[in-house]
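Since the structure comes first, as structure tokens, the remarks are kept for the end.
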Amino acid sequence: GTIVIALDERGNDLTSPELAALLGEKTDLGQTIAFVIGGADGLSDAVKQRANTSIRFGRMTWPHQIVRGLLFEQIYRAETILLGHPYHRV
């Protein structure tokens with residue numbers, strides 16, 4: 001029942017509000033969300049097939065260590081958007 005979101009260079013481009021909406025929808029349904037970040041060789045085909053969706057942080061390739069920080073910030077931003085906090089300014 002876990003929703004798997006793969007971070008992949010060929011994934012979908014989402015805005016921060018779109019990611020917030022996705023996370024809000026899944027958590028409102030009581031679903032657990034797992035993000036999968038690939039290593040130096042990317043994600044295996046099995047992981048890509050298991051993923052419910054895939055997203056990317058732009059078209060550039062990022063080291064997986066940096067992606068962790070980017071993902072954490074985007075999850076935090078999504079939460080502030082859902083709470084109506086002014087952290088996210090358009």
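The values are calculated or read from the model by the stated rules, or taken from the named source; none is laboratory data. Nothing here was measured: the structure is a model prediction, and the numbers come from that model. As a convention, Cβ positions derive from the backbone with ideal geometry for all residues, glycine included, and neighbour counts pool all protein chains shown. Remember, those area values only see protein heavy atoms, side chains included, never the ligands or the DNA or RNA. Shrake-Rupley method; radii C 1.70, N 1.55, O 1.52, S 1.80 Å.
Some points to look at:
- Surface accessible to a 1.4 Å probe, Glu79 within the full protein complex, Å²: 90
- Accessible surface calculations at 1.4 Å, restricted to protein heavy atoms, place the chain at 67 Å² per residue.
- Spin-label zone in the stretch 7-49 - amide nitrogen under 15 Å from a point set 7 Å from the Cα of Arg59 along the C-beta vector: 9-14
- Rounded to the nearest 10 degrees, the inclination of helix 16-28 to the longest alpha-carbon principal axis of the chain is 90 degrees.
- By accessible area, using a 1.4 Å probe on protein heavy atoms only, the chain has 54% of its surface on carbon and sulfur.
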